[in-house]
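Worksheet: one structure, shown below.
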Amino acid sequence: MQTFGWLEMPLFLIRISIYIPSKSRGVIFLSYLLIYPGRLPLEASASSLEIGLKMTDGFYIIKGRNVRSGEGAREMLFDRAAKGKKSKELKGELKDLKKSLLNAGGEKAYVNEALRDYQAALEQGDTLREQYEEARRHLAQSRAAIERLLECMKESPVSEVKKSLDELMGDLDQVYHDCSIRDDDLDFQSTIQSLKQMVAEYEEHAAKAQTEAGSKLAAIMLRSELENVAAVLKDATGWEEPDFFALAYYLGHENRGSLREMENAQRNSYLVDYCGERFWNRFLELCRRAEAEQMVRFMTRKYIYNTEESPSNS
């Protein structure tokens with residue numbers, strides 16, 4: 001048995017996969033998910049031991065996600081716990097709402113179907129809102145980064161500019177959302193691919209820019225492409241956010257591709273109309289009869305926007 005040492009961390013969340021050769025059964029595969037505080041020994045023998053943990057400059061990778069040692073893992077676990085608590089609360093409130101709707105004369109088949117749609121839209125709407133806010137954060141960071149680059153690119157060292165460009169491309173990869181800049185926007189994707197190629201070749205062209213006209217032209221083209229991207233980001237910054245409940249309901253029943261050609265304001269209006277005609281208006285009318293309209297409006301805000309104001313029925 002060979003010992004490879006210990007990993008020191010406040011908290012581990014790792015998967016261990018063990019492959020055991022067997023003459024009769026080929027390879028036996030075992031997989032464990034461990035939450036382990038403190039010191040973790042890493043050992044291996046003739047059997048192959050694969051640990052789903054990769055250390056890189058104080059980070060470890062969990063299912064493709066970079067998490068800062070200790071603090072990041074705790075934050076992720078707390079987030080999961082909060083979502084679990086939220087889901088449990090929602091199910092309890094939906095159970096009470098179901099009783100009220102049935103007592104108000106709602107047909108059982110309709111009430112069951114409507115509450116399934118309502119729950120799905122609340123849960124998906126919360127996720128869509130989080131994704132939207134994350135995309136908008138990266139959009140704002142991208143705009144700020146481009147502004148800095150356009151101001152300082154000429155005077156800054158090539159290595160610093162290249163680092164800033166690489167960071168910018170990382171942010172630009174995360175600006176997409178169904179109701180912001182869409183990942184199926186072919187014009188924007190074409191611009192981004194062109195920019196990526198220029199960024200990849202930046203150091204080579206920058207080193208030759210003082211002597212070669214072609215490299216000077218490449219620098220001018222890079223600047224022009226950055227300005228093009230900045231213009232798209234500026235335009236998108238002014239777009240209003242969607243009704244996330246309506247968006248979630250739509251995506252639960254239709255293909256997202258049908259929203260592709262719509263302008264932002266048109267898309268937002270269409271989503272509200274679609275949801276209203278096919279679900280919300282009838283559902284809310286039944287809630288009124290059950291004297292639960294304000295409660296349902298409160299639940300919608302609570303579970304999508306995390307508001308805590310108390311409902312009041314008139």
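How about region 257-270: which of its residues are in contact (Cβ under 8 Å) with a residue 60 or more places away in the chain, part of a helix (DSSP H, G or I) and surrounded by 13 or more Cβ atoms within 10 Å (Cβ to Cβ)?
The answer is L259, N264, R267, N268.
Looking only at region 198-229, count how many residues are of a type outside the set (G, A, S), modelled with pLDDT under 90 and surrounded by fewer than 17 Cβ atoms within 10 Å (Cβ to Cβ).
11
Restricting to region 144-160, name every residue that is over 17 Å from A230 (Cα atoms) and either within 22 Å of the chain's Cα centre (by Cα) or outside any loop (DSSP other than H, G, I, E, B) (or both).
Of everything in region 144-160, those that are over 17 Å from A230 (Cα atoms) and either within 22 Å of the chain's Cα centre (by Cα) or outside any loop (DSSP other than H, G, I, E, B) (or both) turn out to be V158, S159, E160.
Can you confirm whether E160 is closer than 13 Å to F283 by Cα and among the acidic types (D, E)? Before the answer, list the steps.
On the way: closer than 13 Å to F283 by Cα: no; among the acidic types (D, E): yes.
In short, no.
A quick yes/no check of all residues on (1) closer than 27 Å to E261 by Cα; (2) surrounded by 20 or more Cβ atoms within 10 Å (Cβ to Cβ); (3) not hydroxyl-bearing (S, T, Y):
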site: E155; (1), (2), (3): no, no, yes
site: V158; (1), (2), (3): no, no, yes
site: L165; (1), (2), (3): no, yes, yes
site: D173; (1), (2), (3): yes, no, yes
site: H177; (1), (2), (3): yes, yes, yes
site: D184; (1), (2), (3): yes, no, yes
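May I ask you to verify whether D183 is of a type outside the set (G, A, S), under 30 Å from R116 (Cα atoms) and modelled with pLDDT of 95 or more?
For D183, the condition - of a type outside the set (G, A, S), under 30 Å from R116 (Cα atoms) and modelled with pLDDT of 95 or more - is not met.
Taking the conditions exactly as written (assigned to a helix (DSSP H, G or I), over 30 Å from L233 (Cα atoms) and modelled with pLDDT of 95 or more), does Q141 satisfy them or not?
no
Please state which one of S190, S100 is among the small types (G, A, S) and either under 25 Å from G238 (Cα atoms) or without any contact (Cβ under 8 Å) to a residue 12 or more places away in the chain (or both).
Every option except S190 fails the conditions.
Might you check whether a residue that is outside the structural domain of S258 (by TED's automatic domain parsing), in contact with a strand residue (DSSP E or B) (Cβ under 7 Å, 6 or more places away or on another chain) and assigned to a helix (DSSP H, G or I) occurs anywhere in region 171-184?
no
Each row is one residue, and each column tells you yes or no for (1) surrounded by 14 or more Cβ atoms within 10 Å (Cβ to Cβ); (2) in the same structural domain as R223 (by TED's automatic domain parsing).
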| residue | (1), (2) |
| --- | --- |
| L102 | yes, no |
| G106 | yes, no |
| E113 | no, no |
| D117 | yes, no |
| A121 | yes, no |
| S142 | yes, yes |
| I146 | yes, yes |
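The values are calculated or read from the model by the stated rules, or taken from the named source; none is laboratory data. Note that this is a predicted model, so its numbers are computed, not measured. FYI the Cβ positions are ideal-geometry reconstructions off the backbone, even for glycines, and counts take in every protein chain you see.
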